[in-house]
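Just below is one structure, and these are the notes that go with it.
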Amino acid sequence: MARIIVVTSGKGGVGKTTTSAAIAMGLAKKGHKTAVIDFDVGLRNLDLIMGCERRVVYDFVNVINGEATLNQALIRDKNCNQLYILPASQTRDKDALSQEGVGKILDELKKEFKYIVCDSPAGIEKGAHLAMYYADDAFIVTNPEVSSVRDSDRMLGILSSKSRRAELNEEPIKEYLLLSRYSPDRVKLGEMLSVEDVQDILSLHLLGVIPESKSVLNASNSGMPVILDEKSDAGQAYADIVDRYLGEDRPHRFIDEDKGFFRKLFGGK
Amino acid sequence: MSLLDYFKISKESTASLAKERLQILVAHERSSRNQPSYLPQMQKELLEVIRKYINVGQDAISVSFEQDEDQETLELNIVLPDLQLKNT
């Protein structure tokens, strides 16, 4: 049975697209046929993060409007043949996506794919609403920072009242917390909300902590999902997250500060 | 723990401040989220009815909706103007 995962946050700039790219790649590398969809119509960026921006011919809106078939629009990832990307349209028409059209495409994708990852735009407008509407699971990407935590809580309210599952009185969407841009050093100094603090406030199941990491910018610079950088802390954090989501037992990492004396002294990455 | 940490801990950390503010805010927003959608309209109409009889201000009426395990409470609070004002 296919699962639809929405990666959402409310607030912008917290790492939704980075997360979507990483977990889609992680699931695909585990052998599950995965599609990742960019819902940010007008501001598409998933193609850049996935490094396939020059291969975009048709997009999500073209498929909805019947101007292209799904197979024409899906881009096969260059690093993993189990992974396909459906780019967003760059049209300025905000109403280009319709609930019915999105539902039809997701139904079609469900026949072929095991996981469908929906990269939500920021905000709570139509694109964000449609990205989460059909979801089975929600990955709430949150930074340990007041506005991000508040917006995440707002998204939780929307997930539990405005989704298809809520409207049909089905089993609710499974919600998971992904705490990104985490700095254990700053938490220890009392300058940053801790994992426990955020969990106390949001009461969410923690899927993983992604540390603040230079590797994320390096990955997006080169158009490679950060999970492919297996040596990096953020890449390992995402790999753990994928494993945990698939039911494997992985102890949480990157929550405590780095104890290495020399790394601390020289301010390693 | 380094020597530097001792200085930092002497005053309340900004993280605990953030947590406190968020807990209050989130609790408040969650309770208003569960309110029925007809509440603002009902409040407006009630105000109109009351104003037919008593000269009260816009903010003289407050409606609150609370929900716990086994019951829902709708609380209506109307503040009547001072007697002196009423007699004039």
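For segment A:1-103, how big is Rg over Rh, using alpha carbon atoms and the Kirkwood form of Rh?
Rounded to two decimals, Rg over Rh is 0.94.
Take A:S220, B:S64 and order them by how many other Cβ atoms sit within 10 Å, fewest up front.
B:S64, A:S220
Would you mind telling me the antiparallel percentage of the DSSP bridges in chain A, rounded to 5?
Looking only at bridges with both residues in chain A, the antiparallel portion is about 5 percent.
Output the relative contact order of chain A, whole-number percent, from Cα pairs under 8 angstrom with separation of 6+ residues.
Here the relative contact order equals 24 percent.
Could you give the distance between the Cα centres of segment B:21-63 and segment A:5-70, to the whole Å?
Cα centres, segment B:21-63 to segment A:5-70: 42 Å.
Pairs of Cα atoms under 8 Å, at least six residues apart: use those to get the relative contact order of segment A:20-81, whole percent.
Contact order relative to length: 28 percent.
Using alpha carbon coordinates only, what is the Rg to Rh ratio of chain A, with Rh defined as the Kirkwood radius?
Checking Rg against Rh, the ratio lands at 0.96.
Take the Cβ-Cβ distance between B:Q71 and A:A166 as r, set R0 to 30 Å, and report the resulting FRET efficiency rounded to the nearest 0.05.
0.85
With 25 Å as the limit, write out which pairs from A:K29/A:K110; A:K114/A:K174; A:K33/A:K214; A:K231/B:K19; A:K33/A:K94 have Cα-Cα distances beyond it, or answer none.
A:K33/A:K214; A:K231/B:K19; A:K33/A:K94
Roughly what % of Cα-Cα distances in segment B:15-65 sit above 15 Å, to the whole percent?
60 percent
Under 8 Å for C-alpha pairs, at least 6 residues apart: give me the relative contact order for segment A:36-145, rounded to a whole percent.
34 percent
Dipole magnitude of segment B:23-88 about its Cα centre, charges +1 at Lys/Arg Cβ and -1 at Asp/Glu Cβ only, in debye to the nearest 20?
440 debye
Bear in mind that the values in this text are calculations on the coordinates, not laboratory data. Predicted, not measured: the structure shown is a model, and the values here were computed from it. Glycine also receives a Cβ, built like all others from the backbone with ideal geometry; neighbour counts cover every protein chain displayed.
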